[in-house]
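Enquirer: Sharing a structure, written as structure tokens. Questions coming.
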Amino acid sequence: MRLEEYWGIGPKTRDLLAEELGVDGAIDAVESADVRALTDAGIPRGRATRILRHAHGGEAMDLLATRDARNVYKDLLDLVGEFALTEQARDRIRILTPLDGVEAMQARLDEIFEAHKSWEALAEDEREAVREAFESYDSVATGDVAAVRTAMALQDTGVEDGIFEPLTALDEETLTDAEAALAGLESGGDRIGAGADDRLDALRDQLAAVEDLAATPTEVLEAVKSGARGTDELQDSFARHVADESGVDIARVRDAMAQEAADASAFVGETLRTLTDDLRSAVEEREQVVTAELEGVLDEASEEIDRAVELVDDIAFALSLARFALAYDLTQPRFVDREVSGVVDARNLFLVDADEEVQPITYAVGDHDLSVASASAPPAGDRVAVLTGANSGGKTTLLETLCQVQVLAQMGLPVPASDAGVSVFDTVVFHRRHASFNAGVLESTLRSVVPPVTDDGRALMLVDEFEAITEPGSAADLLHGLVTLTVEKAALGVFVTHLADDLEPLPDEARTDGIFAEGLTTDLELEVDYQPRFETVGRSTPEFIVSRLVANAGDHAERAGYETLAEAVGESAVQRTLADARWSG
């Protein structure tokens with residue numbers, strides 16, 4: 001296979017990867033989803049993750065049909081990545097994509113909740129020991145060394161149940177020998193590390209000391225010629241001095257002595273050069289012997305090393321996802337073999353992460369079977385809901401929450417709801433309100449939201465305030481057509497609009513829901529019940545907004561202006577909301 005056949009690898013990227021990793025090495029990095037290898041080769045992290053997502057996600061990435069859906073996906077990955085135990089786990093999270101098929105989704109969920117159970121069962125001191133064990137993973141550049149050390153550290157914690165149980169089968173003695181060999185073979189065998197072999201360390205120290213002496217032959221001569229009478233005494237003093245300063249056996253020094261030097265200065269220089277060459281050869285010979293010995297150890301331990309690497313990577317990845325699930329109290333979605341998108345007590349993760357106060361929401365379209373009291377259950381069977389209601393009433397947030405649940409579920413990740421029954425969709429069309437009122441925006445919007453409905457496969461439409469991109473009359477006609485098309489093509493959809501009255505009559509399989517503002521708080525903040533009321537048109541209730549403006553007016557003229565607006569929307573309603581707010585205070 002050629003590198004250019006991978007999505008996102010053009011001529012420049014191909015040449016960079018070939019130069020840094022070699023073609024085969026680059027292909028291995030892509031096939032093994034090795035983000036670190038690609039970034040170390042000079043590929044920006046964002047581009048590396050996109051290349052690997054497409055290489056491993058393939059057609060499943062087509063689930064994200066719009067820019068807003070893709071943004072939700074990316075923001076979710078960033079949120080999950082905050083709980084990664086290692087950089088390797090974080091890299092694996094960055095390239096998570098929707099999965100192809102319920103079986104794969106359920107398998108990943110099962111793995112996560114096994115890790116969830118294992119992590120939850122640990123005492124806090126055990127969790128801290130596990131976290132510390134994984135710290136070594138990121139402190140060592142060489143993956144195999146890090147993984148083996150981490151496996152040994154995890155064994156030392158004494159945690160043996162659940163997801164950690166396979167570690168107990170690893171042979172401790174084999175791992176100890178392997179760790180020493182891996183640490184010794186630094187940089188893939190280009191250099192033997194210090195501590196791998198005492199004899200090699202001693203030879204290196206001797207070589208370094210003799211090289212220092214050889215760099216200052218005049219000083220050496222001055223140190224040995226004092227008191228020396230004649231050549232023999234000079235040579236003897238020189239041999240003892242070099243041996244004392246470098247640790248080299250004195251016999252080796254004598255063997256290196258120059259025999260036909262012109263004078264004492266030449267004798268010292270030539271002898272030190274010869275001794276340096278001799279020691280350098282000795283070091284190289286010893287490195288070859290030690291390399292062969294260490295490689296032999298690694299050959300014998302290769303299966304155990306591979307198993308340790310695999311286990312550590314998989315445990316770190318699963319525990320990272322489990323920590324995410326625990327942090328946000330997430331649950332397993334239920335995959336339903338019919339068209340449905342339904343949630344009970346769903347929370348928007350982005351609001352929870354921002355420490356916003358969140359009201360859990362129950363909502364559904366399609367033929368759901370949610371576990372909720374019948375009095376508060378969404379109607380079952382409606383393919384489309386038209387969602388109406390107050391400004392700042394959480395309508396867009398509800399669409400985003402449904403998108404989060406669907407994307408997480410199809411990545412095989414837990415969801416922020418006490419119950420979620422979802423189909424596996426081929427396409428999620430999430431379109432936020434974009435306040436750009438021109439023909440170009442209208443055309444681009446229609447191009448992004450219509451084709452997914454008309455294509456074969458299941459589509460979930462989550463479209464926000466279509467009227468923001470064209471005049472109200474045309475918007476109502478277009479939105480009615482889109483609702484009708486969604487029903488006719490057996491898709492599901494939630495459409496947010498302020499034009500509900502203009503959409504009547506809706507198709508039989510569509511309904512209208514409403515979100516209501518209930519009043520003003522004592523601080524004159526809008527009080528909203530974010531839970532939609534089913535089969536009821538919500539109202540924008542402008543009197544609440546005008547009431548707040550009247551109450552907060554900065555001067556008499558400004559207040560008079562807002563009071564004119566109050567007359568337009570109904571002065572009695574404005575006065576009533578002001579009175580209610582003051583009375584409740």
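Enquirer: Rounded, prolate or oblate: which one fits region 91-153, using the alpha carbon gyration tensor with axes a ≥ b ≥ c (rounded when a/c is under 1.5, else prolate when a/b beats b/c, else oblate)?
Expert: Values: a/c = 2.96, a/b = 1.38, b/c = 2.14.
In terms of gyration-tensor shape, oblate.
Enquirer: Going by the alpha-carbon gyration tensor, a ≥ b ≥ c the square roots of its eigenvalues, is region 79-120 rounded (a/c under 1.5) or, if a/c is not under 1.5, prolate (a/b greater than b/c) versus oblate?
Expert: Values: a/c = 2.72, a/b = 1.16, b/c = 2.34.
Oblate, because a/c is 1.5 or more while a/b does not exceed b/c.
Enquirer: Okay, moving on. Run the quick spin-label model on Ala553 and Glu126: label points 7 Å from Cα toward the beta carbon, then report their separation in nm to one decimal.
Expert: Result for the modelled spin labels: 6.7 nm.
Enquirer: Another one. What percentage of all Cα-Cα pairs in region 99-327 are separated by more than 28 Å?
Expert: Details: 13976 of 26106 pairs.
Roughly 54 percent, rounded to a whole number.
Enquirer: Under 5 Å between amide hydrogens, which residues at least 5 positions from Gly389 or on another chain qualify, with H placed 1.01 Å from N in the peptide plane?
Expert: Ile515, Gly538
Enquirer: Another question, then. Excluding the sites themselves, what is the longest stretch of the chain that contains no GluC sites (Glu not before Pro) in a DSSP loop with at most 16 other C-beta atoms within 10 Å?
Expert: Numbers: sites that count: Glu82, Glu160, Glu260, Glu356, Glu357, Glu525, Glu535.
Here the longest segment lacking exposed loop sites spans 358-524.
Enquirer: For region 50-101, rounded, prolate or oblate, judged on the Cα gyration tensor with a ≥ b ≥ c (square roots of eigenvalues), a/c < 1.5 rounded, else prolate if a/b > b/c? Please list the in-between numbers first.
Expert: Values: a/c = 2.33, a/b = 1.44, b/c = 1.63.
Verdict is oblate for region 50-101.
Enquirer: Quick one: putting +1 on the C-beta of Lys and Arg, -1 on the C-beta of Asp and Glu, what dipole do you get for region 278-417 around its Cα centre, in Debye to the nearest 20? List each step's numbers first, then the result.
Expert: Working: 9 positive and 26 negative charges, 281 e Å.
Once rounded to the nearest 20, the dipole reads 1340 debye.
Enquirer: For the pair Ala107 and Asp345, how long in nm is the line joining their label points, each one 7 Å along Cα→Cβ?
Expert: Each label point is offset 7 Å from its Cα along the Cβ direction, giving 3.2 nm.
Enquirer: A further question follows. In Å and whole numbers, how far do the C-alpha atoms of the chain stretch along each principal axis, longest first?
Expert: The Cα atoms of the chain stretch 122, 60, 52 Å along the principal axes, largest first.
Enquirer: Which distance in nm do the two modelled labels at Val537 and Glu563 give, with both placed 7 Å along the Cα-to-Cβ direction?
Expert: Placing both labels 7 Å beyond Cα along the Cβ direction yields 3.3 nm.
Enquirer: Right, something else. Could you count how many Lys pairs in the chain have their Cα atoms under 29 Å apart, skipping same-chain pairs fewer than 8 positions apart?
Expert: Details: Lys12/Lys74; Lys74/Lys117; Lys74/Lys395; Lys74/Lys489; Lys395/Lys489.
Final tally of qualifying lysine pairs is 5.
Enquirer: Here's a follow-up. So what are the ³J(HN,Hα) numbers for region 56-62, from phi and the Karplus equation (6.51, -1.76, 1.60; θ = phi - 60°), rounded to whole Hz, Gly and Pro as x?
Expert: 10, x, x, 5, 4, 5, 5
Enquirer: Once you charge only the Cβ atoms, +1 for Lys and Arg and -1 for Asp and Glu, what is the size of the charge dipole of region 1-113 about its Cα centre, to the nearest 20 debye? Provide the component values of the computation, followed by the final result.
Expert: Numbers: 15 positive and 22 negative charges, 90 e Å.
The calculation lands at about 440 debye.
Enquirer: Just to check I understand the Karplus step: with θ = phi - 60° and J = 6.51 cos²θ - 1.76 cosθ + 1.60, what whole-Hz values come out for region 383-399, glycine and proline as x?
Expert: Karplus-based 3J(HN,Hα) across region 383-399 equals 7, 10, 10, 9, 9, 10, x, 5, 4, 6, x, x, 5, 5, 4, 5, 4 Hz.
Enquirer: Skipping prolines and chain starts, which residues have an amide H placed within reach, meaning under 5 Å, of the one on Thr362, given they are 5 or more residues away or on another chain?
Expert: Asp345, Ala346
Enquirer: Would you work out which of Leu154, Leu203, Ala256 lies farthest towards the positive end of the dipole of region 124-262, given +1 charges on the beta-carbon of Lys and Arg and -1 on that of Asp and Glu, about the Cα centre?
Expert: Ala256
Enquirer: If you place +1 on the Cβ of every Lys and Arg and -1 on the Cβ of every Asp and Glu, how big does the dipole about the Cα centre of the chain come out, in debye to the nearest 20?
Expert: Working: 49 positive and 118 negative charges, 514 e Å.
With only Lys, Arg, Asp and Glu charged at Cβ, the dipole is about 2480 debye.
Enquirer: So what's the back-of-envelope 222 nm ellipticity for the chain, counting only DSSP H runs of four-plus at -39500 (n - 2.57) apiece and dividing by all residues, rounded to 500? Each step should come with its number before you reach the end.
Expert: Numbers: 23 runs with 335 residues, N = 585.
Helix-only estimate at 222 nm: -18500 deg cm²/dmol.
Only the coordinates and a few stated rules stand behind these numbers; no lab work does. It should be emphasised that the depicted structure is a prediction, and the values quoted were computed from it without experimental measurement. Here the Cβ is made from the backbone with ideal geometry for all residues, glycine too, and neighbour counts use every protein chain on show.
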